[in-house]
Structures are given as C-alpha cells and as structure tokens.
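Working notes for the structure below.
Derivation of every value follows stated rules applied to the coordinates shown; laboratory data play no part. For clarity, every value in this text was computed on a predicted model and none was experimentally measured. Virtual Cβ from ideal backbone geometry, glycine too; neighbours counted across all protein chains shown.
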C-alpha cells in the first residue's frame, strides 16, 4: 500500500538553517524565472501561499482554483493539492507547524483554526495590501534574525490571521457560541486522525465525553448535518485522496480505510459520489 507523498518543511525549502517548524520565502526568488509545478501531494504543516501578482492553477482536495492577483491560499496539514504557479508570480510562501505559532496558547489556536477554515481568499486591493504588508514584516524579521525576531514573527502572524478572519464575516459559524465551535473543531480533528478505524458517531462522542445526542446537536447547529454524515464525508474525502494521489488498487484502498468487503466499499463510494472508485480515478487524472 503506497501512501500519499508527504512533504516536510525542512525538505520542501532545502535551506540548512531553517527553523524546524517555520519558514517564509519570497516567490520571485523561489521561482527564479521558472514555473513551479508540484504534482499531487500533502504536507504535515500549514501552507500559506500569498499571491500579489500571479497566474496558474491550484487544486485543493478536488476543488480547482484559478490563481489570480490579490489572493491567498491557506492549506491545513493533511490536505491534498496540486499546484502550477507561473513564472513572474510575486508574493510570499509561508509554512509553519502549529507548535511554532501556539505551543500552549488556546486563543492563538482558535484564531488559526478560524483563519484556516477557508482554503482560498480573493481580496480587494486595499484588503490585500494590509495582509501583504504584514507578511513583508515577517519576511524581514526572518531574514534579519535580530534579537526577539521569533516573538515579532508570531505577533505578526496573529495580526495576519485576524485580518484573514475578518474576511469571513457573514459565514454560518460567525455567531456560533465559542464552546460549540471548539467542540466542532475537536470533532473534525478526531475525524482526520481516526477515520481509518472508527466510523460510528458513538465512538467519537465517547472520545469527546459527550452523548451521541449531544454530538449530533453540535454538528446540526453548526453545519446542518449529523455526525454520521460528517463521518461519511471524511471517508469519501480520504478515498478520493488515495484514488487520485496513488496507484493503489481499489481493494488496497478499501482495506486501508477499514473495509474488509471491497464490494461494500465500492457501493458506498458510488452511493455518495455517483461514480465507482475506478471511474472517479479515471475522470480526475
């Protein structure tokens, strides 16, 4: 069973003295007059691509985006993507692990989760300028590395995430009670980690010290879906990731996802997507 290719900060940037958990690059320097072509893979860190000027295509978890000026792509660890960034694009690429930004800070953790809920931001020139200025400050601190530069970088990251979060005004979760939002975030994190061997709402409720009724109340209030629906969506997402990013046989993917009966898995996949696994693979490559 082949896994989806995973990139790490230290190997992705190829610099000898990087933080193990943070890095930022100027896109013009990174591209060096050439297109950036990245085949499908995933990261074990947060990936923020800030485009002041640019062109290309960016596919994130089966949603296609056209790269344009004044846009930001924000990817969470584990998401699968494919990128074509054209030569001449300008901006920044910032990469970091969550432990760099908030090792013990609940408020910072909440802010990061809110900002990273959206994969693609398209901004006005005025709104983008505020964000690119903050990124410029981070880049300068990272390059100069004077006393206290890590703290200044983290402070500017907080400003950056706050500005991004302001772009989400009017979203369904905007007025959600903080406790409810925290529990939803906890559930989504658990789904990412345990979907391969736990597929019952009752199992997730137990991990969260809730009843199944309480957990369903949270998911219905925030997303309008039952916990079982979210579980099914996560299974399908992981199946799609492996179908698109690896050459594994369908029976191997079914087994990896915890299905001993490959026929059942095929029926399950077709019920939720309208395609057989092989048809999905052939249509997305």
Can you tell which of 41, 58, 177 shows the greatest fluctuation in a Gaussian network model of the chain with Cα springs below 10 Å?
177
Helix 212-223: angle to the longest alpha-carbon principal axis of the chain, degrees 0 to 90, nearest 10?
50
Could you compute the FRET efficiency for residue 8 and residue 61, with r as their C-beta to C-beta distance and R0 at 25 Å, rounded to 0.05?
0.80
Helix 149-166 axis, angle to the chain major axis (alpha carbon atoms, nearest 10°)
60
Nearest 10 degrees, 0 to 90: helix 178-194 Cα axis against the chain principal axis:
70
Would you mind ranking 238, 182 so that the residue whose beta carbon has the fewest other beta carbons within 10 Å leads the list?
182, 238
Taking only DSSP H segments of four or more residues, each worth -39500 (n - 2.57), what value at 222 nm results for the chain once the sum is divided by all its residues, to the nearest 500 deg cm²/dmol?
-15000 deg cm²/dmol
For 204, 149, 142, 264, what's the fewest-to-most ordering of other Cβ within 10 Å of each Cβ?
264, 149, 142, 204
Of the residues 239, 90, 143, which exhibits the maximal mean-square fluctuation in a Gaussian network model of the chain defined by a 10 Å Cα contact cut-off?
143
Quarter of the surface of the C-alpha convex hull for segment 6-166, i.e. direction-averaged projected area in nm², equals 8.8
Gain upon complete extension [residue 99, residue 247; 0.36 nm per residue less C-alpha separation]:
50.0 nm
